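The values are calculated or read from the model by the stated rules, or taken from the named source; none is laboratory data. Predicted, not measured: the structure shown is a model, and the values here were computed from it. Cβ placement follows ideal geometry from the backbone for every residue including glycine, while neighbour counts extend to all protein chains displayed. Protein only, heavy atoms only, side chains kept; ligands, DNA and RNA dropped before computing areas. Shrake-Rupley method; radii C 1.70, N 1.55, O 1.52, S 1.80 Å.
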Amino acid sequence: MQRDYLKKEYILDYVSSRLDDFIGECIIINDAKFHHNTSYSSTSSIIKNNILSMEELARKKIKNYSEDVLSVMADTDSHANGSSGISLSIVGLDDINEDEFEYDPFNVNQVDLLIQSDVVARRNSVHYGNEYIASDEIEAEKIRSIDVRLFKYIDLLISKGKIKDDEKAIATLVQRYNCLRNMAITLKQVGLDIPIREMSYDNCCSLDVDMLASSPKLILRN
């Protein structure tokens, strides 16, 4: 495996430059009304194992959730999806009440998976007026796009004026970049043709999966 070792002061320019290199054509996604948010670190596992509930993740030994944790999560009054459901959201609904919160799936700190519209899910407005719960696992083939917002994350860090001195922020950027690379590698391994898009400013730019998968792993050097 190739590796690039860089000191923290060079990380920002490196990641920005590499992302620019990977930018490809604009890809518009249709027939994908659902959003599912997940962490950068969990996305490769989803590509391999589908989108699963906490119970299924534990049963398949993909994640090690204790019985106590599963019992707490099963309380749907505090966790709408419980331990056996999968949380989804839909944007742009016109029937959300004024006293309801609307979930924003475009979180700069999470990966936004666009899910095919024919997935069966029931609406649950306990916490968010636009939240839906799927009872069955969602096959990875139902993912229409993997959207990230790394440019926006970088811009937010720059706006704080201390990006090159913030070791935690730099380490997070390196981790997310490497996770992005792992997503591309996993897509090629399992043979799924799912676009990865850089959607920081809704410009629908796809990232070249082949280039991303073959790029060196980024290592933060002391």
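Quick notes on this one:
- When the chymotrypsin sites (Phe, Trp or Tyr not before Pro) in region 150-214 are filtered for DSSP coil states and for at most 11 other beta-carbon atoms within 10 Å of their beta-carbon, the remaining sites are Tyr201.
- Taking the Cα centre of the chain as reference, the dipole from Cβ charges on Lys and Arg (+1) and Asp and Glu (-1) amounts to some 1300 debye.
- Percent carbon-and-sulfur accessible area, region 118-200, ignoring ligands, DNA and RNA, probe 1.4 Å: 47
- The 1.4 Å probe gives accessible areas that order Ile47, Ile62, largest first, as Ile62, Ile47.
- At a probe radius of 1.4 angstrom, the accessible area of region 109-222 per residue rounds to 46 square angstrom.
- Computed E for Leu156/Ala80 - FRET, C-beta separation, R0 25 angstrom, nearest 0.05: 0.35
- Annotation for region 109-215: trypsin sites (Lys or Arg not before Pro) lying in DSSP loop with at most 13 further Cβ atoms inside 10 Å of their Cβ are Lys160, Lys162.
- Kirkwood Rh in Å, taken over all unlike Cα pairs in region 1-68: 16.1
- Only protein atoms count toward the accessible area here, which uses a 1.4 Å probe; on region 37-114, the carbon and sulfur part of that area reaches 44 percent.
- By the Cα gyration tensor, region 107-201 has an equivalent ellipsoid whose semi-axes, rounded to whole angstrom, run 29, 20, 10 from largest to smallest.
- Here's the list of lysines a cross-link from Lys60 could span, going by alpha-carbon distance under 17 Å and ignoring same-chain residues fewer than 8 apart: Lys48.
- Cross-link pairs beyond the 26 Å C-alpha cut-off, checked among Lys8/Lys142; Lys160/Lys188; Lys61/Lys142: Lys8/Lys142; Lys160/Lys188
- Pairs of Cα atoms in region 12-112 fall into 5 Å distance bins, from 0 up to the last occupied one, in shares of 2, 9, 13, 18, 20, 13, 10, 9, 5, 0 percent.
- Inter-label distance, nm, simple model (7 Å from Cα along the C-beta direction), Asn107/Ile185: 2.6
- Per residue, the convex hull spanned by the Cα atoms of the chain amounts to 147 cubic angstrom.
- FRET efficiency, Ile96 to Ile219 (Cβ-Cβ, R0 35 Å, nearest 0.05): 0.20
- Asn37 sits among other residues whose Cβ lies under 13 Å from its own Cβ, and their net charge, with Lys and Arg +1 and Asp and Glu -1, is -3.
- Given charges at Cβ of Lys, Arg, Asp, Glu: the chain dipole, positive-most of Leu70, Pro105, Leu180: Leu180
- Shape box of region 76-160 [Cα atoms, principal axes, largest first, Å]: 40, 36, 26
- Simple spin-label estimate for Lys63 and Tyr5 in nanometres, 7 Å along Cα-Cβ: 3.5
- Here is how the number arises for the chain: DSSP H runs of 4 or more residues each give -39500 (n - 2.57), the sum is divided by the residue count, and the result at 222 nm is -10500 deg cm²/dmol.
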